[in-house]
1. Which three lengths, in whole Å and largest first, does segment 100-176 cover when its Cα atoms are put on their principal axes?
2. Explain nothing, just the number: relative contact order of segment 97-176, from Cα pairs under 8 Å at least 6 residues apart, as a whole percent.
3. For labels at T90 and S155 in the simple 7 Å Cα→Cβ model, what's the distance in nm?
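Rule-based calculations on the coordinates, nothing more; no lab input. Every value quoted in this text rests on a predicted model; they were computed, and no experiment measured them. Every residue, glycine among them, receives a Cβ derived from its backbone with ideal geometry; neighbour counts consider all protein chains shown.
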Amino acid sequence: MSDDPRPRPQYGEYATPEQQRAAIRQPEPESEPAASFDPPHPPTAPATTVAARPTRMADRIITVALLAYGLVTVVGAIPQLVDFSSFADTWMEVAGVDGEFTNTAQGALWGGVGAAVFAVGWVLTAAWAWWSLARRRVSWWIPLVGAIVTFVIVSVCLVIPIFGDPGLVRGLAFGS
């Protein structure tokens, strides 16, 4: 029995490299190779391999569907915003305000600005989403964020002429 307190090795765990080579009958390594030796190059993948990232088909479908829905919404909203007086009259009717929209000059200006913001917002959102999709990144959230940001800006553009209308202010103040 030996004086070593370690348990008896089962697979040569305590063997030195020389003892391991002797057990598997492998020759000793030669001396250090010359300095001019080039290290082996890592293998290159063939050109036909698939990218490491998944294709995320569901993400692509959802992103494109949201962009298409946004485009339909923008195309439908632009004519309403260009005819802002009609839009404001309808809004006042739905809000339960008696009267007619009279702030037509400011309404035409801000309605045009709102229509332009809608169009530019969609184009920027679509460009960002396509850029992200091309890099195989998760992109479904981009149309949602773009829609929210664009809608908030357009809403501010629409509130300015509507709440600048004296008929609306009178209708809200007296609770018609």
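1. Each principal axis gives a Cα extent; for segment 100-176 these are 56, 24, 12 Å.
2. 55
3. Those two pseudo-labels are separated by 1.9 nm.
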